[in-house]
Amino acid sequence: MNSHAPKLYTIASGKGGVGKTSLTLNLAATLAKQGKRVLVVDVDTGLANADVQLNLKPTYDLAHALSGEKHLREIISPTPYGFGLIAGRSGHLGLASLNLPTLTQWLNELRELGRDYDVILLDAAAGIAPPTLLMAAQSTATLLITTPDPSSLTDAYALLKLLWLQHGAANARLVVNLATAREAAQVHTRLNTAAAAFLHLPPVPLLGQIPACKYFAQAVKNHELAVAAFPASAALVALAAVAKQL
Ligand SMILES: Nc1ncnc2c1ncn2[C@@H]1O[C@H](COP(=O)(O)OP(=O)(O)OP(=O)(O)O)[C@@H](O)[C@H]1O
Ligand SMILES: [Mg+2]
């Protein structure tokens with residue numbers, strides 16, 4: 001058991017569909033392979049689907065813990081990739097049904113439970129809803145996922161702005177998905193230029209860039225993780241580099 005609290009990372013994005021769940025699960029598998037004890041929590045309120053991507057049918061999920069039927073410890077499912085998963089329940093409000101003080105208490109319980117783990121990854125809902133901002137602000141770091149698409153970058157900026165203005169949190173680290181190294185560098189400069197000019201924020205570090213990879217879709221169709229099936233692909237090598245920095 002750890003004497004220290006685990007590192008807690010919220011994987012967040014302004015815009016939806018930019019790769020949060022794919023990156024969370026593949027990152028978890030990569031970290032587990034590197035010997036880390038990893039727990040993934042699907043906190044995508046209402047639209048949970050991490051278990052679907054893994055082709056798991058967990059007996060218990062977050063809704064069982066929130067209703068008091070089960071303790072958090074009892075709802076962790078093992079995965080074939082060496083990390084634990086707390087599944088969400090699709091169509092259930094989940095953490096969005098909690099008021100913010102209760103959510104803070106829940107996060108503390110999760111950290112306490114997480115003493116068995118080195119790293120906890122929270123796969124958040126897209127957008128800037130108050131529960132997402134709170135979880136991100138209270139994390140060791142927020143992995144802010146965007147693509148080079150201008151609307152995705154604008155929404156990432158909005159999330160960064162609210163984290164700072166509402167919570168005083170400057171814990172974001174940028175991951176640019178579906179991008180070449182050159183595109184990621186451009187996105188990074190744009191985000192930091194705007195954040196410095198309008199928010200006077202210190203620069204957000206670029207944690208990494210993940211190229212587009214045909215294996216992601218193929219893996220999802222086969223209900224497996226890309227990192228397990230195609231570990232040598234450029235995207236997954238890049239992801240391993242991101243994992244090393246966590
Ligand atoms: N680097 C990549 N290369 C190719 N396809 C990718 C890559 N990253 C993600 N995808 C694909 O993009 C789609 C959306 O990914 P994912 O579900 O992980 O996004 P998300 O941000 O979790 O979405 P949501 O906001 O709905 O939760 C999936 O079909 C996934 O396979
Ligand atoms: Mg998702």
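The values are calculated or read from the model by the stated rules, or taken from the named source; none is laboratory data. Fair warning: this is a prediction, and the values are worked out from it, not measured in the lab. As a convention, Cβ positions derive from the backbone with ideal geometry for all residues, glycine included, and neighbour counts pool all protein chains shown.
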The number of residues in the range 61-96 that are farther than 19 Å from G114 by Cα and either surrounded by fewer than 22 Cβ atoms within 10 Å (Cβ to Cβ) or modelled with pLDDT of 90 or more (or both) is 9
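Condition (residue is of a type in the set (S, T, N, Q), within 16 Å of ligand 1 (Cβ to nearest atom), buried (at least 19 other Cβ atoms within 10 Å of the Cβ) and part of a helix (DSSP H, G or I)) applied to the range 40-50: is it met by at least one residue?
Our first condition is that a residue be of a type in the set (S, T, N, Q); within the range 40-50, this holds for 45, 49.
Keeping just the survivors that are within 16 Å of ligand 1 (Cβ to nearest atom) gives 45, 49.
Filter again for buried (at least 19 other Cβ atoms within 10 Å of the Cβ), leaving 45.
The next check asks that each one be part of a helix (DSSP H, G or I); those that pass are none.
The answer is no; no qualifying residue exists.
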Working only within the range 186-206, note down all residues that are buried (at least 20 other Cβ atoms within 10 Å of the Cβ) and not in a helix (DSSP H, G or I). V204
Can you name the condition, by its number, that Y117 falls short on among (1) within 13 Å of T10 (Cα to Cα); (2) crowded, with 22+ Cβ neighbours inside 10 Å; (3) more than 15 Å from ligand 2 (Cβ to nearest atom)? (1)
Of (1) part of a loop (DSSP other than H, G, I, E, B); (2) within 13 Å of ligand 1 (Cβ to nearest atom), R89 satisfies all except one. Which? (2)
In the range 3-25, what residues are modelled with pLDDT of 90 or more, touching a helix residue (DSSP H, G or I) at 6+ places or on another chain (Cβ under 7 Å) and among the small types (G, A, S)? A12, S13, G14, S22
